[in-house]
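Contents: one structure, followed by commentary.
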Amino acid sequence: MGNETGNFYAAPLAAYEVEDGENTSGMGKFYPAPPEVAGWSWGAFFFSWIWAIGNRTWIGLLALFPYLGFIMAIVLGVKGREWAWQNKRWDSIEHFNRVQRLWSIWAACLVLGFGGLGIVAAIAIPAYSDYVGRGRTNEAYLYSQRVAANVGDYIKENHALPADLAAADVSNQFPEAIANIVLNQDTAQLEITMGRGGLQGKAFYLSPSADKDGNISWRCLHGEIRQSVLPKECRYSAADPFHL
């Protein structure tokens with residue numbers, strides 16, 4: 001056969017040798033990217049498959065698959081700029097770098113935006129929780145002060161603890177902030193258990209003491225509740241034993 005027959009055993013094509021100033025963008029992997037294109041791509045790393053579609057780098061769609069997403073994001077961060085140059089036509093290196101810089105800026109905005117929201121949430125959510133908690137503990141504290149006054153009057157008049165709160169003329173209907181109030185017959189302390197919300201089931205205490213005239217005063221113990229969500233009067237952690 002003549003020489004016109006194709007040589008099926010020819011060596012594979014070598015990479016194309018680029019002339020200075022030649023724009024090889026969009027011409028495929030056999031046309032190496034210029035040195036100015038190399039580098040890490042934050043846009044490709046953070047936006048992965050979205051960046052891949054915008055830059056016609058279809059291998060980046062592997063980031064949509066479970067378990068491959070993060071790995072592919074790293075690969076795109078390393079190789080993305082080179083692939084974007086080879087897969088899509090650009091007016092110039094300046095044009096390419098300008099567009100990739102915009103992708104990086106949007107990535108930075110995304111990180112800072114979510115980071116800022118995370119910081120705000122980390123501050124605002126506990127602060128709001130404390131605000132709500134303080135409202136409930138203030139309500140509970142004010143009510144328990146009235147209960148303590150009744151119990152104190154009973155002790156002064158009878159020189160003894162009431163058998164229960166009803167004996168001190170205290171209703172068993174409590175406000176929503178309070179689940180229950182119990183008079184401890186051993187310590188004479190009032191145990192105020194919180195009702196609904198994040199403090200539900202936790203308790204603070206009112207502990208009595210008597211002066212030489214038999215007048216009863218009460219010290220607020222914070223108990224299981226953080227002092228930051230209780231009235232400032234509830235700064236104590238312990239009280240002296242009470243004796244009649």
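The values are calculated or read from the model by the stated rules, or taken from the named source; none is laboratory data. Here the structure is a predicted model, which means the values were calculated and not measured. Because the Cβ atoms are built from the backbone with ideal geometry, glycine has one as well, and the counts that use them run over all protein chains shown.
For V170, state whether it is of a type in the set (V, I, T), under 30 Å from L230 (Cβ atoms) and out of contact with any Pro (no Cβ under 6 Å at 6 or more places or on another chain). Yes; evaluated as a whole, the condition is true for this residue.
Have a look at L199, L190, L206 and point out the one that is more than 27 Å from A160 (Cα to Cα), in contact with a helix residue (DSSP H, G or I) (Cβ under 9 Å, 6 or more places away or on another chain) and in the same structural domain as A160 (by TED's automatic domain parsing).
L199
Within the stretch 211-229, being crowded, with 17+ Cβ neighbours inside 10 Å and closer than 20 Å to L183 by Cβ holds for I216, W218, R219, C220, L221, H222, G223, I225. Among the residues of the stretch 80-96, those that are assigned to a helix (DSSP H, G or I) and surrounded by fewer than 17 Cβ atoms within 10 Å (Cβ to Cβ) comprise E94, H95. Among the numbered conditions (1) at pLDDT 90 or above; (2) touching a Phe, Trp or Tyr at 6+ places or on another chain (Cβ under 6 Å); (3) not polar (S, T, N, Q), the only one that A203 does not meet is (2). Among the residues of the stretch 17-75, how many are among the polar types (S, T, N, Q) and not in a loop (DSSP other than H, G, I, E, B)? So the count comes out to 1. For the residues S144, S129, the requirement of being within 46 Å of the chain's Cα centre (by Cα) and outside the structural domain of L183 (by TED's automatic domain parsing) singles out S129. Quick one: in the stretch 65-79, of everything that is of a type in the set (A, V, I, L, M) and over 28 Å from the mean Cα position of the chain (by Cα), which residue is surrounded by the fewest Cβ atoms within 10 Å (Cβ to Cβ)? Across the stretch 65-79, the extreme among qualifying residues is V78. Can you spot a residue in the stretch 156-177 that is in contact (Cβ under 8 Å) with a residue 24 or more places away in the chain, among the β-branched types (V, I, T), buried (at least 19 other Cβ atoms within 10 Å of the Cβ) and assigned by TED's automatic domain parsing to the domain that holds I225? No, the conditions are met nowhere in the stretch 156-177.
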